[in-house]
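Colleague: Got a structure for you, written out below as C-alpha cells; questions coming shortly.
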Amino acid sequence: MNLQQTFGHELALAAIPNLRPIVFVVDDDVSVRESLELLISCQGWQPETFHSAGAFLSQPRPLVPSCLILDLSLPDANGFEVQRRIAEERAEMPIIFISGDGDVPTTVRAMKAGAVDFLVKPFGHDVLLQAVREGIERSRMALDREVQLRDLRNCHASLTPRERQVMALVVSGLLNKQVGGELGISEITVKAHRGQVMQKMKANSLPDLVRMASKLRPSHQAIHLA
C-alpha cells in the first residue's frame, strides 16, 4: 500500500486499555527513534516509533492522550503533508516537528498550521520533554471535549422528532405559545414536550439547553469517537 492509499484508508478507532499517554515518533533515522524511545519511556509515557509516515498512519487512532514527534523530511512524505492529513483524521493529536534544518519560514508555516513546536536537531531533551507535556495536555483536553460532545449527541438522538422540533424552536427564543403556533399544537402539549426535552438532554435551565444546542451545531467538525 503506497502513502496515498494509506492516507485515503479509513482509520479504525481502537480504545487502548493502557491509559498511559502515547508519544508517537516518526523518523527514518533509527538512532533518533531509539534515543527518543528511551527518553519517552523514562518519563512514564508509552513510546510508539515508526520509520515512515505510511507506517504510522496505517495504525488505528488511539483514544488516549497522545502527541506526535514528526521528522519534517521522510522517505515517503513531506512533513507538512502528514500534518495536513493528521489535522483531517486525528485532529486531537498535537505535532512536534523535528528537523535537521529549520529556517524561519518553515518554522512559521508549521506553527501556523498548529504544531506545538519546531525543534532543530540536535535539541535539548528538556526542550523536547516540555513540548511533549504541552502536546499531551492539549490532546487530553480535546478528547475530554469530544467525550462530552458524544454524550450530548447521544442525548439528542434519544429525542423524538417532535421533541427535536420543540427544542429547536425553544432555543431560538420562541415562547411556548409561539412554539405551539409554529407546530400547530397546544401550549400544554408544548410544555409537555419541553419537559421531556429538558429531562432527556439533562439540561438544568433554558440557558443550559441553548448552550447544548450551540455545541451540537458544528457536529461536522467534531472528532468521531464511536
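Colleague: Could you look through the range 123-154, keep only residues that are of a type in the set (Val, Ile, Thr) and touching a strand residue (DSSP E or B) at 6+ places or on another chain (Cβ under 8 Å), and pick out the one that is farthest from residue 167 (Cα to Cα)?
Modeller: Out of the qualifying residues, it is 127.
Colleague: OK, next. Evaluate the range 11-29: report whether one residue or more is over 16 Å from the mean Cα position of the chain (by Cα), modelled with pLDDT under 95 and in a helix (DSSP H, G or I).
Modeller: The answer is no, given that none of the residues of the range 11-29 is over 16 Å from the mean Cα position of the chain (by Cα), modelled with pLDDT under 95 and in a helix (DSSP H, G or I).
Colleague: Six or more apart or on different chains, Cβ atoms under 8 Å: show the pairs whose first residue is in the range 169-181 and free of Cβ contacts under 8 Å to residues at least 40 places away in the same chain and whose second is aliphatic (A, V, I, L, M) and loosely packed, with under 15 Cβ neighbours inside 10 Å.
Modeller: 170/206
Colleague: When the range 136-160 is examined, which residues are found to be of a type in the set (A, V, I, L, M) and in a loop (DSSP other than H, G, I, E, B)?
Modeller: 159
Colleague: Within the range 46-103, restricting attention to residues that are among the aromatic types (Phe, Trp, Tyr) and part of a strand (DSSP E or B), which residue is farthest from residue 31 (Cα to Cα)?
Modeller: Ranking the qualifying residues of the range 46-103, first place goes to 97.
Colleague: While we're on this one: Only residues in the range 20-41 that are in the same structural domain as residue 54 (by TED's automatic domain parsing) count as the first member; pair them with residues that are hydrophobic (A, V, I, L, M, F, W, C) and in a helix (DSSP H, G or I), Cβ under 7 angstrom, at least 6 apart or cross-chain, and list the lot.
Modeller: 21/136; 23/40; 23/132; 24/56; 25/36; 26/53; 26/56
Colleague: Right, something else. Limited to the range 84-100, what total is found for residues that are surrounded by fewer than 22 Cβ atoms within 10 Å (Cβ to Cβ) and over 20 Å from residue 140 (Cβ atoms)?
Modeller: Adding up the residues that qualify gives 5.
Conditions (1) closer than 30 Å to residue 94 by Cα; (2) part of a loop (DSSP other than H, G, I, E, B); (3) modelled with pLDDT of 95 or more, marked per residue:
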| site | (1), (2), (3) |
| --- | --- |
| 162 | no, no, yes |
| 166 | no, no, yes |
| 178 | no, no, yes |
| 181 | no, no, yes |
| 193 | no, no, yes |
| 208 | no, no, no |
| 215 | yes, no, no |
| 223 | yes, yes, no |
| 226 | yes, yes, no |
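The values are calculated or read from the model by the stated rules, or taken from the named source; none is laboratory data. Quick caveat, the model's predicted, so the values are computed rather than measured. Note that each Cβ is placed from the backbone with ideal geometry, even for glycine, and that neighbours are counted across all protein chains shown.
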